[in-house]
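Undergrad: One structure coming up, written as structure tokens, with questions to follow.
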Amino acid sequence: MADPTRAAWRTPGFAATIRRSDGVAVEVRPGPAGPPPGLRLELVDPGAGASSAAARTLPAVPADGNRAPRPAIVTRAGWGADESLREQSFEYTGPVRVVFVHHTATATNYACSDAPRVIRAMYQYHVKSNGWRDIGYNFLVDRCGTVYEGRAGGVDRPVHGAHTLGFNTDSSGIAAISAWKLGLTSRPADGRAQLTSASDASRFPKGTVVDFDAISGHRDAFNTECPGGALFAQLPPLRRAAAHLQSS
């Protein structure tokens, strides 16, 4: 189940609700060009989550050299990932040089205790509906600041994700800033790095070498509003704060 190149940007289109319902109604009002291509309705049941004897949380680790402190991370076992759904082999890229910040289209008023259910629903949507090898993001952060392991393969490894069309190589896709991840390869959070576009459907033609901030927004690489105006405006101070953590 390879991640379709054209699908690697579609994650923000996923919308989830955890409220109980007994039906669904959809109203589509096409414009002059007709309905959006590929429009479909998916009903996903996050279930109760798979049980596992694996560690449910990786503890926080203090700063070490130029590495920022690692935050506590809820593992895939912690959010109840059914490991039989995903592709069993792992794909890795070169060292992570850029982190792309995203938002999802999920509701923001969920209880923090329901975050694992939201993640399980997203996981099933990515794998069973989109046909990807695993959940697209490398990390997710809920509204209460809890960090979750996304795509399997090791939180300290350069796992190849499906988050930023054309720039999934040598990068990591998360929902908030991860100075620790950049520090693993001695990349300053307030620095810059060059990546080569792998798709003409990104903002840049395939083969174009693009200079990115080490912490960039999804919109820097693709024609999208993600990660939203409010979060995008916070990236400069977050870069500075992340760099400070690396050096403290």
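Undergrad: Which one is nearest to GLN246 (Cα to Cα), of the residues in region 187-217 that are among the basic types (Lys, Arg) and surrounded by fewer than 19 Cβ atoms within 10 Å (Cβ to Cβ)?
TA: ARG192
Undergrad: Still on this structure, please answer the following. Just one of ALA189, ALA242, ALA198 is of a type in the set (A, V, I, L, M), under 23 Å from VAL61 (Cα atoms) and in a loop (DSSP other than H, G, I, E, B); which is it?
TA: Going through ALA189, ALA242, ALA198 in turn, the sole match is ALA189.
Undergrad: Same structure again: Taking region 223-245 only, how many residues are farther than 22 Å from TYR137 by Cβ and either in contact (Cβ under 8 Å) with a residue 24 or more places away in the chain or aliphatic (A, V, I, L, M) (or both)?
TA: The number of residues fulfilling the criteria is 2.
Undergrad: Which of the residues that make up region 105-156 are part of a loop (DSSP other than H, G, I, E, B), acidic (Asp, Glu) and more than 14 Å from the chain's Cα centre (by Cα)?
TA: ASP156
Undergrad: While we're on this one: Could you pull out the residue among PHE90, PHE100 that is over 30 Å from GLY23 (Cα atoms) and assigned to a loop (DSSP other than H, G, I, E, B)?
TA: Among PHE90, PHE100, only PHE90 is over 30 Å from GLY23 (Cα atoms) and assigned to a loop (DSSP other than H, G, I, E, B).
Undergrad: Looking only at residues in region 201-217 that are of a type outside the set (A, V, I, L, M) and in a strand (DSSP E or B), which one is farthest from VAL99 (Cα to Cα)?
TA: Among them, the one singled out is ASP211.
Undergrad: Another question about this same structure. Read through the list (1) under 25 Å from PRO188 (Cβ atoms); (2) in contact with a strand residue (DSSP E or B) (Cβ under 7 Å, 6 or more places away or on another chain); (3) surrounded by fewer than 18 Cβ atoms within 10 Å (Cβ to Cβ), then give the number of the only condition that ARG70 fails.
TA: (3)
Yes or no, residue by residue, for (1) farther than 29 Å from ALA214 by Cα; (2) surrounded by fewer than 15 Cβ atoms within 10 Å (Cβ to Cβ):
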position	(1), (2)
VAL98	no, no
LYS128	yes, yes
ARG133	no, no
TYR137	no, no
VAL141	no, no
GLY145	no, yes
ARG151	no, no
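Undergrad: Considering region 66-81 alone, what residues qualify as being of a type outside the set (Lys, Arg) and touching a helix residue (DSSP H, G or I) at 6+ places or on another chain (Cβ under 8 Å)?
TA: ASN66, ALA68, PRO69, PRO71, VAL74, GLY78, TRP79, GLY80, ALA81
Undergrad: Scan VAL24, VAL44, VAL28 and give me the residue that is assigned to a loop (DSSP other than H, G, I, E, B), surrounded by 10 or more Cβ atoms within 10 Å (Cβ to Cβ) and at pLDDT 75 or above.
TA: VAL44
Undergrad: Name the single residue that is modelled with the lowest pLDDT among those in region 177-186 being crowded, with 20+ Cβ neighbours inside 10 Å and either in contact with an Asp or Glu (Cβ under 7 Å, 6 or more places away or on another chain) or not in a helix (DSSP H, G or I) (or both).
TA: Within region 177-186, the match that is modelled with the lowest pLDDT is ILE177.
Conditions (1) modelled with pLDDT under 95; (2) not hydroxyl-bearing (Ser, Thr, Tyr), marked per residue:
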site: ALA121; (1), (2): yes, yes
site: ASP134; (1), (2): no, yes
site: ARG151; (1), (2): no, yes
site: PRO158; (1), (2): yes, yes
site: GLY161; (1), (2): yes, yes
site: SER171; (1), (2): yes, no
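Undergrad: Right, GLY131: within 22 Å of THR196 (Cα to Cα) and in contact (Cβ under 8 Å) with a residue 40 or more places away in the chain or not?
TA: Against the criterion (within 22 Å of THR196 (Cα to Cα) and in contact (Cβ under 8 Å) with a residue 40 or more places away in the chain), GLY131 does not qualify.
Undergrad: Spot the failing condition for GLY161; the list is (1) buried (at least 18 other Cβ atoms within 10 Å of the Cβ); (2) outside any loop (DSSP other than H, G, I, E, B), and only one is missed.
TA: (2)
Undergrad: Scan region 50-93 for residues that are under 18 Å from ALA162 (Cβ atoms) and of a type in the set (Lys, Arg) and jot them down.
TA: ARG76, ARG86
Undergrad: Test each condition in (1) surrounded by fewer than 24 Cβ atoms within 10 Å (Cβ to Cβ); (2) closer than 20 Å to HIS103 by Cα; (3) modelled with pLDDT under 85 for ASP220 and report the one that comes out false.
TA: In the conditions (1) surrounded by fewer than 24 Cβ atoms within 10 Å (Cβ to Cβ); (2) closer than 20 Å to HIS103 by Cα; (3) modelled with pLDDT under 85, ASP220 misses (3) alone.
The values are calculated or read from the model by the stated rules, or taken from the named source; none is laboratory data. What you are looking at is a predicted structure, and each value in this text was computed from that prediction instead of being measured. Cβ: placed from backbone, ideal geometry, glycine included. Neighbour counts: every protein chain shown.
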